[in-house]
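Chemist: Take a look at this one; I'll ask things after.
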Amino acid sequence: MANFNWNCPHCERAVTITDERLSNDRHTLGIENAEGRRSFVSRFFVCPNPDCKRFTLTATLCESTWQNGGERVGTAIQHWNLIPDSRAKNFPDYIPKAILDDYREACLIRDLSPKASATLSRRCLQGMIRDFWKVKPGRLVDEISAIQPHVDPLTWDAIEAVRKIGNIGAHMERDIDIIVDVDPNEANLLIELIETLMREWYINREERRARMGHLVAAAAAKKPPSQ
Ligand SMILES: [Zn+2]
């Protein structure tokens, strides 16, 4: 198999996976059955980042045919991310727990139930807007509009772009608990928006505080001793 670029879900680095870091195996169901011939492919990827070196394990169930004396693995029918079992990223715990819990659960069920995932994402987004910007609780669509004067234009463009997609827009105008149909790509866009906003808002604020605190402490250390 040729080398390919890949994002390690553990360290979140973009890395190149070469043959020696990929281990594949296949188990074929040759017994006649109602679904047809199937192959089950398991894959280990080992991250080449020396600070990570963790493995990722996936499994895929595929259509399969016996052709010209060899097994031909066809279209994937189902895919499982076994380790890690969710694509949720590790965010620092100074982000409120309720927000992180909704985010992690939205990631965990993204493929299984995009509409439930999107509903959790929407609640997570609302939680972030209320906690970080202290907006007056209302409909999510109004809360988003209320923060427009305060967020930077690039962040606003990202929010607007996601908000305008298909059912997500309609989703935000309704009551937070109403479940609206969305597809996995839409559910994923909402997750990506939440990840972006967690970095833009919480992580940036914390890093800024740390930098300023360091500067204040360094300046204080330079002060001549008081008489
Ligand atoms: Zn890694």
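All of the numbers you see were taken from the coordinates with simple rules; none came from a lab. Please read all numbers here as calculations on a predicted model, not as lab measurements. No Cβ is skipped: glycine too gets one built from the backbone with ideal geometry, and neighbour counts run over all protein chains shown.
Chemist: Which of the listed residues, Ile109, Val180, His150, is farthest toward the dipole's positive end in the stretch 97-216, when Lys, Arg count +1 and Asp, Glu count -1 at the beta-carbon?
Modeler: His150
Chemist: How big is the Rg/Rh ratio for the chain, C-alpha atoms only, Rh by Kirkwood, two decimals?
Modeler: 1.11
Chemist: With only Lys, Arg, Asp and Glu charged, each at its Cβ (+1 for the first two, -1 for the last two), find how big the charge dipole of the stretch 97-216 is about the Cα centre; round to the nearest 20 debye.
Modeler: 480
Chemist: Cut-off 12 Å, label point 7 angstrom out along Cα-to-Cβ of His10: give me the residues of the stretch 21-58 whose amide nitrogen falls inside.
Modeler: Answer for this model: 45-57.
Chemist: Taking +1 at the Cβ of each Lys and Arg and -1 at the Cβ of each Asp and Glu, which of Thr58, Phe4, Thr196 sits farthest along the dipole of the chain towards its positive end, judged by Cα position relative to the Cα centre?
Modeler: Comparing the listed Cα positions along the dipole, Thr196 ranks first.
Chemist: Ok, one more. Go through the chain and flag any cysteine with no other cysteine's C-beta closer than 4.7 Å, please.
Modeler: So, Cys62, Cys107, Cys124.
Chemist: Can you compute the charge dipole magnitude of the chain about its Cα centre, using +1 on each Lys and Arg Cβ and -1 on each Asp and Glu Cβ, nothing else charged? Give it in debye, rounded to the nearest 20.
Modeler: The calculated dipole for the chain is roughly 920 debye.
Chemist: Relative contact order of the chain, please, whole-number percent, based on alpha carbon pairs below 8 angstrom and at least 6 residues apart.
Modeler: Here the relative contact order equals 12 percent.
Chemist: Which of His27, Thr119, Leu140 sits farthest toward the positive end of the charge dipole of the stretch 20-144, with +1 on the Cβ of Lys and Arg and -1 on the Cβ of Asp and Glu?
Modeler: Leu140
Chemist: Out of Trp80, Trp133, Trp66, any idea which swings most in a Gaussian network model of the chain, alpha carbons joined below 10 Å?
Modeler: Evaluated over the chain, the most mobile residue of the options is Trp66.
Chemist: Which whole-Hz couplings ³J(HN,Hα) result when phi for each residue of the stretch 69-76 is put into the Karplus expression 6.51 cos²θ - 1.76 cosθ + 1.60, θ = phi - 60°, listed in order with x for Gly and Pro?
Modeler: x, x, 8, 10, 7, x, 4, 6
Chemist: Rank-order 47-55, 195-203, 27-35, 102-110 by packing density, defined as the average count of other C-beta atoms within 10 Å over each peptide's residues, highest first.
Modeler: 102-110, 195-203, 47-55, 27-35
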